[in-house]
1. Looking only at the range 53-89, count how many residues are of a type in the set (Lys, Arg) and surrounded by fewer than 18 Cβ atoms within 10 Å (Cβ to Cβ).
2. Restricting to the range 123-152, what's the tally of residues that are modelled with pLDDT of 85 or more and either within 22 Å of Lys61 (Cα to Cα) or surrounded by fewer than 18 Cβ atoms within 10 Å (Cβ to Cβ) (or both)?
3. Under the condition of being hydroxyl-bearing (Ser, Thr, Tyr) and not in a strand (DSSP E or B), which residue from the range 149-179 is nearest to Ala52 (Cα to Cα)?
4. Could you list all residues from the range 81-109 that are touching a His at 6+ places or on another chain (Cβ under 9 Å) and among the hydrophobic types (A, V, I, L, M, F, W, C)?
5. Please state which one of Asn106, Asn42 is surrounded by 15 or more Cβ atoms within 10 Å (Cβ to Cβ), in contact with a strand residue (DSSP E or B) (Cβ under 9 Å, 6 or more places away or on another chain), over 15 Å from Val175 (Cα atoms) and among the polar types (S, T, N, Q).
Amino acid sequence: MKKLFLFFPLLISSFLFAQKKDSIYDPKKEITINNNRFKVYNSWVSGGAGWAQNFTTGRSKFNVGADFNFHIKQEYFQLGMFFSGFSFGDYDNYNFHFCYGRRIENEKINLAFFGGLSFSHGYIKLDSNYKNTYNDPSLYFSAQLIKKLTYDVGGGIEIFGELTPKQFIGGFRFVIYFSGAYKGKAKKTGFE
């Protein structure tokens, strides 16, 4: 487990940093779809619920999470959290993460990959009581695939994993997606 904990950052960093920049950064870059203007470089919020597996204990869990995904120039970051437990409201693991990532976006999909550091707080259940409280730094990774209903609203799936010194949790969430891309109606030129 410790070897995996040390190997994971190397694996993720080589994947994330191996991409070329697609163009010169222009913060005002826009596209027009159906007479609506949208920012190309935009932030988004995603959140939802799903299933997780604790691969250390072998137990299945319900999870709920939300992420704020933002950019600084062309670089994307994720600030988020997720809670997992045996049922809705009965959480025994709390994760807060800050990640670096890559994004591929067009009119129909939003695909994003993130990896980074996180902090995990929780309880390991022994017998019928919660014991063995932990507060551990951890690693977090996620991949989001969103099908857009409009350019700035959609739904999809997020696959994620959390690796701490004490446990490995992986799973998925069905998420909704809202971006801050909308800029208003396109101006009429008088030649239409």
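1. Step one: filter the range 53-89 for residues of a type in the set (Lys, Arg), giving 59, 61, 73.
Keeping just the survivors that are surrounded by fewer than 18 Cβ atoms within 10 Å (Cβ to Cβ) gives 59, 73.
Adding up the residues that qualify gives 2.
2. Qualifying residue count for the region: 14.
3. From the range 149-179, those hydroxyl-bearing (Ser, Thr, Tyr) are 150-151, 164, 177, 179; that's our starting set.
Checking which are not in a strand (DSSP E or B) leaves us with 151, 164.
Details: Tyr151: 29, Thr164: 15 Å.
It comes out as Thr164.
4. Met81, Phe82, Phe96
5. Values: Asn106 fails: surrounded by 15 or more Cβ atoms within 10 Å (Cβ to Cβ).
Answer to the check: Asn42.
The values are calculated or read from the model by the stated rules, or taken from the named source; none is laboratory data. Note that this is a predicted model, so its numbers are computed, not measured. When we count neighbours, we look across all protein chains shown, and the Cβ atoms used for this are built from the backbone with ideal geometry, even at glycine.
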